[in-house]
Amino acid sequence: MTPVDDSARIAAFEARIAAGETIEPKDWMPERYRKQLVRMMSQHAHSEVVGMLPEGNWITRAPSLRRKISLLAKVQDEAGHGLYIYCGTETLGVDRDDLIGQLLAGTAKYSSIFNYPTLTWADMGAIGWLVDGAAIVNQTALAKASYGPYARAMIRICKEENFHKRQGYEIMATLAAGTSAQKEMAQDALNRWWWPSLMMFGPSDKDSPNSAELLRWKVKQKGNDELRQRFINLTVPQATAIGLTLPDPALRQNAESGDWITGPIDWAEFMQVISGNGPMNRERLAARNKAHDEGAWVRDAAEAYAAKHAARRVA
Ligand code: FAQ
């Protein structure tokens with residue numbers, strides 16, 4: 001078979017991207033663009049779904065009815081985010097079952113952050129404040145991504161993440177203004193979640209194999225380091241405002257740029273976590289597999305219901 005010459009189509013596609021146009025599912029796109037989107041969007045969807053586990057763990061132990069309702073709503077929102085993004089991924093011609101199969105088999109990536117344990121109630125505050133806070137910084141940029149279904153999903157998701165961040169920050173502020181034991185609990189949670197939150201943005205640009213291509217195709221609007229810096233600059237004054245200290249003796253402000261400069265990030269720890277050896281990787285995958293197995297009857301029932309209705313329509 002003679003290889004197809006796509007150079008004219010690629011040039012037209014890149015001109016559309018350069019002009020700021022949005023690419024839609026039925027538009028022609030280079031296979032590599034499609035693959036990159038499937039990779040990134042499926043990892044993102046998996047992260048939302050696995051991300052329910054660390055917080056789901058505390059729903060039954062929330063300290064009041066109000067806290068329980070907020071946490072329950074937040075965890076349900078994360079399930080919804082997973083669904084939107086899996087649907088978005090299906091517009092690229094992949095089967096959701098295949099993606100979920102990869103997650104359950106441990107061959108797909110999901111965000112490193114969800115492989116850390118939630119040890120105290122203050123961790124619910126730290127996750128909302130820092131993890132959702134980092135997700136908002138990252139996803140506000142993705143809301144302008146060149147692929148329409150992904151960008152549109154991000155707009156709605158960011159609105160919900162804003163509520164998540166506020167409920168987390170409020171938990172932290174309340175604990176930090178409480179008894180000395182409560183303040184200590186909040187500080188301990190911040191100490192454990194700060195560095196993993198910075199790792200959420202991915203490796204430094206110089207070690208990020210996908211960034212250049214994704215930036216060129218305007219899937220990513222900004223590099224990993226720039227988004228991380230934005231998150232740090234937003235978060236340092238928030239910690240100070242509630243009397244907590246970031247666990248970084250090297251943290252200092254650059255007088256010229258105003259940027260807060262952190263000490264070195266432990267990228268060896270990050271590599272361990274994303275290769276399956278973080279503190280909770282095995283537990284998270286086991287929990288997802290258990291939930292999937294226990295939900296088999298729901299999938300069977302939904303299929304039987306759909307088949308019954310399809311048969312009625314034919315009759
Ligand atoms: N964890 O070349 P890059 C949330 C991998 S949602 C694990 O820089 P890229 C909401 C990367 O995949 C959180 N792996 O990659 C919530 C690649 O591996 P591959 C999820 C990571 O794609 C809150 C390799 O390293 N958000 O939190 C990570 O250009 C609370 C090289 O990296 C998204 O997924 C990591 N942190 O940039 C839910 C946002 N970082 O695939 C519940 C969308 C990098 O080549 C509770 N994704 N890797 O084998 C993105 O913005 C990007 O994909 C990055 C990575 C920035 C994550």
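The values are calculated or read from the model by the stated rules, or taken from the named source; none is laboratory data. Not measured: the values here are computed from a predicted model. Here the Cβ positions follow ideal geometry from the backbone for every residue, glycine too, while neighbour counts run over all protein chains shown. Surface accessibility is based on the protein's heavy atoms, side chains included, excluding ligands, DNA and RNA. Shrake-Rupley method; radii C 1.70, N 1.55, O 1.52, S 1.80 Å.
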* Quick one: Karplus J couplings for the range 79-91, per residue in order, coefficients 6.51, -1.76, 1.60, θ = phi - 60°, nearest Hz, x for Gly and Pro? -> 4, x, 4, x, 5, 4, 6, 4, 4, x, 5, 5, 5
* To do: Could you compute the FRET efficiency for A302 and R282, with r as their C-beta to C-beta distance and R0 at 30 Å, rounded to 0.05?
  => 0.50
* Per-pair calculated FRET efficiency, R0 = 30 Å: N191 and W267 via Cβ, rounded to 0.05 -> 0.95
* To do: Under 13 Å from the Cβ of R96, count the other residues' Cβ atoms, weight Lys and Arg +1, Asp and Glu -1, and hand me the total.
  => -3
* To do: Please report the Cα spread of the chain along all three principal axes, rounded to whole Å, starting with the longest.
  => 70, 54, 33
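Which value results for Rg/Rh of the range 132-221 when Rg is the Cα radius of gyration and Rh the Kirkwood radius based on the inverse mean 1/r? Intermediate values should be presented prior to the final figure.
Numbers: Rg = 16.7 Å, Rh = 15.1 Å.
On the Cα set of the range 132-221, Rg over Rh gives 1.11.
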* Asked: What's the carbon and sulfur percent of the range 66-186's accessible surface, probe 1.4 angstrom, rounded to a whole number?
  -> 58 percent
* Those trypsin sites (Lys or Arg not before Pro) in the range 1-94 that DSSP places in a loop and that have at most 10 other beta carbons within 10 Å -> K26
* To do: Evaluate the distance, in nm, between pseudo-label points positioned 7 Å from the Cα of A310 and of D5 along their respective Cα→Cβ axes.
  => 4.4 nm
* Asked: Given +1 on the Cβ of Lys and Arg, -1 on the Cβ of Asp and Glu, and no further charges, what dipole in debye does the chain carry about its Cα centre, rounded to the nearest 20?
  -> 720 debye
* To do: Might you tell me the accessible area per residue for the range 222-310, computed with a 1.4 Å probe and given in Å²?
  => 61 Å²
* To do: Would you mind working out the magnitude of the charge dipole of the range 175-264 relative to its Cα centre, with +1 at each Lys and Arg C-beta and -1 at each Asp and Glu C-beta, to the nearest 20 Debye?
  => 260 debye
* Taking the alpha-carbon centroid of each part, what is the distance from the range 189-256 to the range 50-98 in angstrom? -> 24 Å
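Which chymotrypsin sites (Phe, Trp or Tyr not before Pro) in the range 24-126 pass both tests, a DSSP loop state and at most 16 other beta-carbon atoms within 10 Å?
W28
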* On the accessible surface of the range 218-315, probed at 1.4 Å, how many percent belong to carbon and sulfur atoms? -> 57 percent
* **Under-5 Å amide H pairs with I23, H placed in peptide plane, nonlocal only** => Y147, G148
* Asked: Under a Cβ-Cβ cut-off of 12 Å, what is the net charge of the residues other than N289 that fall near it, where Lys and Arg count +1 and Asp and Glu count -1?
  -> +1
* To the nearest 500 deg cm²/dmol, what mean residue ellipticity at 222 nm is calculated for the chain from DSSP H runs of n ≥ 4 alone, each contributing -39,500 (n - 2.57), summed and divided by the residues? -> -20500 deg cm²/dmol
